[in-house]
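Visitor: Pasting a structure here, questions to come.
The values are calculated or read from the model by the stated rules, or taken from the named source; none is laboratory data. Everything numeric here is computed off the predicted structure, so don't read it as measured data. So basically every Cβ, Gly included, is an ideal-geometry build from the backbone, and we count neighbours across all protein chains shown.
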Amino acid sequence: MREPRQFCNRLDGKVAIVTGAGSQGSGEGVGTGKAMALLFAGEGAHVCLVDREAARAEDTRARIEAAGGEAFVVAADVTRDEDCRRIVDQTVERFGGVDILVNNVGIAGQQGDFGNFDEAAWEHMFFVNLKSAVLMCRHAVPAMIGRGGGAVVNISSIAGIMAHGTFAYGPSKAAMEHFSREVAVVYGRQGIRANTVAPGHIRTPLVAGLLPESLRETRRKVGPLGVEGDAWDVAYAALFLASDEARFVTGQQIAVDGGVTATGPMAAHSLIMER
Ligand SMILES: NC(=O)c1ccc[n+]([C@@H]2O[C@H](COP(=O)([O-])OP(=O)(O)OC[C@H]3O[C@@H](n4cnc5c(N)ncnc54)[C@H](O)[C@@H]3O)[C@@H](O)[C@H]2O)c1
């Protein structure tokens, strides 16, 4: 498995909150939140690991501590305002403040078709994918301002850039990207940067365990690089945006997608047809 081997203290002295820091699914590799938490801790950050399923985040904590890093777990549901407040309060109590917030929690599902439209499922997806980020920012941004500023990194999806046939997932991720821009503009003068990483076709344990090989083959072929990404690809982009190296970068989105969103339909056809 591809894992980071060298660290350069790029987040030395920083305190980070990563939501969805566990990993779900039975396939190989790690989920995005787990990869970011492990990478950030390797780069010197103290990390608050948030997950609704505490056992998933405990595994991340054990790996961080085994490598000499510092982290603790908060079992919380980030769609609940009181949970988001508790996450920030406990992080400030434990590590003295907050410098970085990664809003990684997200769920997929429900295709676009008004014939079987499920209003409750649609609302739930917006709660999990968008409202969670709003609530976390509501509590974390004032704490960051108290330290002179900080970085928000939101995890969206290329489904928020290109239509994927979903009325909930894609629009919720597009809204996430725009929310980042709003935070960047409203709080820029107070030292807050807010950016988005849009993952493309990423091989996480859930994907590796669920998707049929034929679909994974299409996912690989449809981009110029001809490969699926993994969670570390997303984590390295998030690391840059979270670090002081990105001090002049705000209100932006990086697609980590092997070039899929850069590929027009004729080129995609050629890529898929080639042997
Ligand atoms: N995997 C991909 O191919 C892919 C592609 C594009 C975008 N993304 C986005 O990346 C992010 C992470 O996806 P992943 O598949 O790597 O994650 P994952 O499914 O491996 O882990 C997500 C974690 O979030 C936790 N979680 C879910 N709802 C929660 C809630 N309400 N409160 C607290 N914790 C909660 C889960 O318990 C899980 O441990 C998501 O926002 C997803 O939309 C993933």
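Visitor: Among the candidates V197, V234, which residue alone is part of a strand (DSSP E or B), surrounded by 18 or more Cβ atoms within 10 Å (Cβ to Cβ) and in contact (Cβ under 8 Å) with a residue 40 or more places away in the chain?
Guide: Numbers: V234 fails: part of a strand (DSSP E or B).
None of the other options fit; the residue is V197.
Visitor: To continue, here is another question. Kindly establish whether E228 is in contact with a strand residue (DSSP E or B) (Cβ under 7 Å, 6 or more places away or on another chain) and modelled with pLDDT under 95.
Guide: Numbers: in contact with a strand residue (DSSP E or B) (Cβ under 7 Å, 6 or more places away or on another chain): yes; modelled with pLDDT under 95: yes.
Spelling it out, E228 is indeed in contact with a strand residue (DSSP E or B) (Cβ under 7 Å, 6 or more places away or on another chain) and modelled with pLDDT under 95.
Visitor: Mind checking whether some residue in the range 209-218 is crowded, with 19+ Cβ neighbours inside 10 Å and either more than 15 Å from the ligand (Cβ to nearest atom) or at negative phi (or both)?
Guide: Of all residues in the range 209-218, those crowded, with 19+ Cβ neighbours inside 10 Å come to none.
Scanning the range 209-218 turns up no residue that is crowded, with 19+ Cβ neighbours inside 10 Å and either more than 15 Å from the ligand (Cβ to nearest atom) or at negative phi (or both).
Visitor: Residue by residue through the range 137-156, note down the ones that are touching a residue at least 60 places away in the same chain (Cβ under 8 Å) and more than 10 Å from the ligand (Cβ to nearest atom). Full working, then the answer.
Guide: Residues of the range 137-156 touching a residue at least 60 places away in the same chain (Cβ under 8 Å): 140, 151, 153, 155-156.
Selection gives A140, A151, V153.
Visitor: Among the residues of the range 237-275, which ones are within 19 Å of the chain's Cα centre (by Cα), not in a helix (DSSP H, G or I) and not small (G, A, S)?
Guide: V249, T250, Q252, Q253, I254, V256, D257, listed by residue number.
Visitor: So for the range 69-80 (the condition being under 23 Å from A198 (Cβ atoms) and modelled with pLDDT of 95 or more), does at least one residue qualify?
Guide: Kept after step one, since they are under 23 Å from A198 (Cβ atoms), are these residues of the range 69-80: 78-79.
Add one more test, that the residue is modelled with pLDDT of 95 or more, and what stays is 78-79.
Yes, that holds for at least one residue.
Visitor: Six or more apart or on different chains, Cβ atoms under 9 Å: show the pairs whose first residue is in the range 8-32 and on the phi > 0 side of the Ramachandran plot and more than 6 Å from the ligand (Cβ to nearest atom) and whose second is charged (D, E, K, R) and assigned to a strand (DSSP E or B).
Guide: Note: pairs meeting the criteria are G29/R203; G29/D230.
Visitor: Additional query: Condition check: closer than 16 Å to V105 by Cα and either aromatic (F, W, Y) or out of contact with any helix residue (DSSP H, G or I) (no Cβ under 6 Å at 6 or more places or on another chain) (or both). Does F179 satisfy that? If you could, list the steps in order and put the result at the bottom.
Guide: Values: closer than 16 Å to V105 by Cα: yes; either aromatic (F, W, Y) or out of contact with any helix residue (DSSP H, G or I) (no Cβ under 6 Å at 6 or more places or on another chain) (or both): yes.
Yes, satisfied.
Visitor: Residue under question is A159, and the condition is that it be outside any loop (DSSP other than H, G, I, E, B) and within 16 Å of the ligand (Cβ to nearest atom); does it hold?
Guide: Numbers: outside any loop (DSSP other than H, G, I, E, B): yes; within 16 Å of the ligand (Cβ to nearest atom): yes.
Taking the combined requirement at face value, the residue satisfies it.
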